[in-house]
Structures are given as structure tokens and as C-alpha cells.
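Everything on this sheet refers to the single structure shown next.
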Amino acid sequence: MLPQDELWRFGGEIYVGDADGSTQYRDAFGRTSGAHEYLRRKKRATDLGPNDWCGCGSGHKFKRCCKDLPETDRPSWDVYGIRERNLMFCNAVDGILGLTAGKSWDDVRRELSDEQVKRIHEAFGSLWPEDTDLVELLPRPTKGAFRAVYLGTSDPRTVEATVLGWLPYFDEVVLAHPFTNPLCVKPEFSPTKSPSQYKAQTLKNVLMLLILEPYIRSGYVHLIPHPGDFNPHFGMSSLHMAKERTAGWKPAEGSVDLLKALAKDDHGRFLRQLPESSLRGLIREYKPEASDAEIDSVIAYMKSDLAADPYALLQPIVPGESGAQLLGFKGYNLEVAMYLAALTGSIIYTDLEAQWHQLHLHALQTDQAAAAAWVPVVESLRAVDFPIDGDPQTLREIRSDGRFGGMRAAMRLFAEAVRSGDRSRRDHIALQLTKAAQAMKGEWKNVPETLRHTGRVELSVPSGGFERNEVHRLLLTFGRAKSVHPIPFAMFIKFEEAVATHSQAAAC
Ligand SMILES: [Zn+2]
């Protein structure tokens, strides 16, 4: 109720109390979160020199970021950007879990509480409120960076093979944020209202955040939430599009094996977490002839595996539904990956055959045959062995030393040529790629060998790029219709050897 005698001082803010006890808030402009105040930069950068850090918070120098863009085309300099929000979130998580105060990862596995899960997700939600204008925060297309949106699942068990391992060859990667925003989730599935079921997933997500933090800081990885996580209208639209696209569709046999392997790995983890008495019963059922001593040693083996597993909680499982855990795979759907790629000037890459098929089935215009024009490049890239290093520390050093720059430069050159439709340079680019691959071999010899796989790239360059009417609709409704181009090409990455999702998947 407005005060009767003080209407003249009414500032336009509205508080609404509902009968169920919940409340809503609107400021004079209809904003709901108040985030425009706490996410506003304390001071807007002015008079920047070319070598100063850019005012958009990208972590890049001004000359390499916003300098040549007209002010209206830059990411916002007024509110905190994507990278800064992610770093704030890292700080918040470190603080909530006591990592800054010296707690170890094993401490976190042992002590992770409902309260901590709740606070972590409250922090996440407050950084990505309902009135977030994602488009004003996104990095802008630039010739200076070869950028790729990863169309796959964001998981700490695979992030080294699918994302970090490719950073010697790609300048930047856009990746789906693994955390669930409590904003658009029913209370019974919400990480803030029902946090205990999110413990296992939170542990995994935090580990992923810790692995990615240095790469976020350096501006190599853009961890961007699915826009539908905070914008319900966007969420409904993209969900509807994905449903229509996949109506009656079943992934081909073997095309989602990676996801199955991850789910199997999770299943094994839960088995190992069962109380000893339950395990004893299960083993007895499975192998009635086993002796007590044999069962004891199997249980001891499973428990020592559990102790060494960084993704497992070190807490007894609560029996019944109250101890149930909600696990999920988070990633972009095709429409959202294309939406983000169009706005950030990226290409798309995936390691999931199912997604690769969907991309070709639904994002090509009928008259777009495979572009014969780029065959030399496709073949020269197909011949390259990409060493995929499994050690984040090594990968970080490689990038900060500026090594493998030849391959990244060749990728930039190629993306630029496809975008501008300049096919005359195809042989030159194919040669550049082959040369860069040779130089790469020599460079890898000087990097201490850790766990290393061999990656391969299948390239697809349709003559008109990848396009989809539904994505245009998303761009018109929720984006900047100006300066949006089809996605020039896409890559399917695969590995010579099966990449173990976790050593224990095999043990199980
Ligand atoms: Zn900038």
C-alpha cells in the first residue's frame, strides 16, 4: 500500500506480497533483481591507452579488444562482463567452501553441506539474474581470435580432452556453464530450495570451475550460461524449437556413447558409496559362491577406489528418497549453440556424433551442397594429428608462452577466408595448415610428455555456411539482428584412442 499522505515522495518501487507468503519486487523501470546496482562497475574506464586492460573486462589489452569497435558495438563497459562474473563466482565458491582458508579437496568432499550448496547457487543466481542482458555482455566477433562454441556436455571428466586440450589450436572456446540457476526451477528440483539432492553434481561442477578458472582469467574460455536459465521466454522458445526438431528422432546406435560412458561412471560411483552391508548383499546376490574373505577384499578395493576418486563425496549415503541425487548433463542445444556462435563470430565443434548429424540435418539450406571449393583445406586438416595433452598445467604454460601460434594463425586465416567467400586462397591456406602441423610436431617434442591423446578433425564447410530459420528468429527476438552471419564451418573432433572418462569407469 502506498502511504496516503506521502504520495509525492513515491519513487516508483513496488513490493507485492502474495497469499502464499512469497514477495515480488519491481523498481521504477520494472526491473526485478536490483542487479543493475550491484553488478554495475564502481568506475567506468576512461582514457585508455592501447596497452591498458580493456574496459569491457575481457582480460585483453584495449588495442586487442574494443579499441577499433564503435562504442555502440562494444560489450558493456558499465556492468560486469561474463569473465568478471565468472571470476566473482570462483571467489564466492572458494570462500563458501573454505578453500581460501586452506581446506583441501578431500575436506570439501567430506564436509560439503546443504547450506553450502544453497549459498553457491544463490551466488550463481545473483550473478545471472532474470534481467541479465546477455547480448550486451557477449564477446564481439573479431578477426584477431579464432573462436569455437563447444556443442557437447560440460563435464570435468572430459573437459581436458574436449576443451582445454584444443586450446593450443583454437584461440578461444565458448562453453556452457555447468551450474543450475535456481531462478527458473521448481522448488522441488531447485538447488536453493532442495539443496541436498545437488551435492554430487555441485562437487563435480565446482571441480570443473577450479580447473577452468585460470583459463577464464586469461580470456581463453568463456563459460556462458544457457540464456534460457535466466530468461524464461528464451528458454521456452529454444526448448520448443529443440522439441520440434527432434520429434520422432532417435539418436543412432553408438552416437551418444560418450554420454552413456559418463552415466556408467556415475553409476559406479554411487555403487562404491553404498554402505558396506548393502554392498555385501549385492555381491552375495551377484556371486553366491564367493567366500567372506573374497567379498571383504572386493569391498576394500571399492572403498579405496572411492577414496581416490575426486568426483565422489566422502559422506555416507542417506537411504531412501531423501538421499537421492539429481545428476544431469549440461550443454547447449543446437539452436542455442548456433545463436551464441552467430553473436560471437564463432564456429561450432562437437565430439558427439548425434549432434553432428543434427547439425547437418537441420542447419543446412537445401541448395547447400558440401562445398567442393574447400576440399584441399578439408583434406589437409583431416591429415593432421592433433596431440591432445591431458595436463591443464602444461596446457596453460603452452598458451602463456605463445607456443603453437602457427596453427591458431592458420585457423584464423581459414575462418576469415570462408567468411569473406575468398576461395582463391584455399591452396595457400591448405599449405599453411600443413606447415603449421609440421611445426607443431617439433614444438610438442619440447613439451614434457604427460597423458596425451591424438585428436582428429573432420571439417564441414557448406557453401552458404550453417543456418537455421529458428536461430534467425532467436537472433531477431533476443539478439542484435545487425551484423549476423551464417556460421562458416563446423568441426567434428574425435580421438584415435578411446578417452577414458575416468580410470574407475573401467574398474567398475
Ligand atoms: Zn573490450
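The values are calculated or read from the model by the stated rules, or taken from the named source; none is laboratory data. The structure presented is a predicted model; accordingly, all values stated were derived computationally and were not measured. In this analysis, Cβ positions are derived from the backbone assuming ideal geometry, glycine residues included, and neighbour counts consider all displayed protein chains. Accessible surface is based on the protein model in full, side chains and every heavy atom, while ligands, DNA and RNA are left aside. Shrake-Rupley method; radii C 1.70, N 1.55, O 1.52, S 1.80 Å.
Give the residue, chosen from Ile96, Ile82, that is in contact with a strand residue (DSSP E or B) (Cβ under 8 Å, 6 or more places away or on another chain) and modelled with pLDDT of 95 or more. Before the answer, list the steps.
Details: Ile96 fails: in contact with a strand residue (DSSP E or B) (Cβ under 8 Å, 6 or more places away or on another chain).
Answer to the check: Ile82.
Residues of segment 453-497 that are in a helix (DSSP H, G or I) and either within 15 Å of Trp356 (Cβ to Cβ) or in contact (Cβ under 8 Å) with a residue 40 or more places away in the chain (or both): Glu470, Val471, Arg473, Leu474, Leu475, Thr477, Phe478.
Do we find that Trp77 is over 30 Å from Val206 (Cβ atoms), within 16 Å of the ligand (Cβ to nearest atom) and within 27 Å of the chain's Cα centre (by Cα) in this structure?
Working: over 30 Å from Val206 (Cβ atoms): yes; within 16 Å of the ligand (Cβ to nearest atom): yes; within 27 Å of the chain's Cα centre (by Cα): yes.
Yes.
Checked against (1) farther than 25 Å from Lys193 by Cβ; (2) touching a residue at least 40 places away in the same chain (Cβ under 8 Å); (3) not β-branched (Val, Ile, Thr), Leu39 meets all criteria but (1).
For Ala101, are the conditions met, namely being more than 16 Å from the ligand (Cβ to nearest atom) and open to solvent by 80 Å² or more (accessible area, probe 1.4 Å)?
On the way: more than 16 Å from the ligand (Cβ to nearest atom): yes; open to solvent by 80 Å² or more (accessible area, probe 1.4 Å): yes.
So Ala101 fits the description; yes.
Among the listed residues Gly320, Gly328, Gly345, Gly281, identify the single one that is touching a residue at least 12 places away in the same chain (Cβ under 8 Å) and either exposed (fewer than 15 other Cβ atoms within 10 Å of the Cβ) or of a type in the set (Asp, Glu) (or both).
Numbers: Gly320 fails: touching a residue at least 12 places away in the same chain (Cβ under 8 Å); Gly345 fails: either exposed (fewer than 15 other Cβ atoms within 10 Å of the Cβ) or of a type in the set (Asp, Glu) (or both); Gly281 fails: touching a residue at least 12 places away in the same chain (Cβ under 8 Å).
Result of the check over Gly320, Gly328, Gly345, Gly281: Gly328.
Just one of the listed residues (Val457, Val447, Val418, Val461) is among the aliphatic types (A, V, I, L, M) and modelled with pLDDT under 90, namely Val447. Being open to solvent by 40 Å² or more (accessible area, probe 1.4 Å), touching a residue at least 40 places away in the same chain (Cβ under 8 Å) and within 26 Å of Ala161 (Cβ to Cβ) is a property that holds for Thr450.
Can you say whether Ile388 is open to solvent by less than 30 Å² (accessible area, probe 1.4 Å) and part of a helix (DSSP H, G or I), as far as the supplied structure shows? Break it down into steps so the answer makes sense when it comes.
Details: open to solvent by less than 30 Å² (accessible area, probe 1.4 Å): yes; part of a helix (DSSP H, G or I): no.
Spelling it out, it is not the case that Ile388 is open to solvent by less than 30 Å² (accessible area, probe 1.4 Å) and part of a helix (DSSP H, G or I).
Residue count for segment 391-409, restricted to those that are open to solvent by less than 20 Å² (accessible area, probe 1.4 Å) and either outside any helix (DSSP H, G or I) or more than 30 Å from Glu213 (Cα to Cα) (or both): 1.
Checking each residue in segment 75-98 for being crowded, with 17+ Cβ neighbours inside 10 Å, touching a residue at least 12 places away in the same chain (Cβ under 8 Å) and of a type in the set (D, E, K, R) picks out Arg83, Glu84, Arg85. Residue count for segment 13-65, restricted to those that are more than 11 Å from the ligand (Cβ to nearest atom), open to solvent by less than 60 Å² (accessible area, probe 1.4 Å), in contact with a Phe, Trp or Tyr (Cβ under 6 Å, 6 or more places away or on another chain) and under 29 Å from Tyr215 (Cα atoms): 1.
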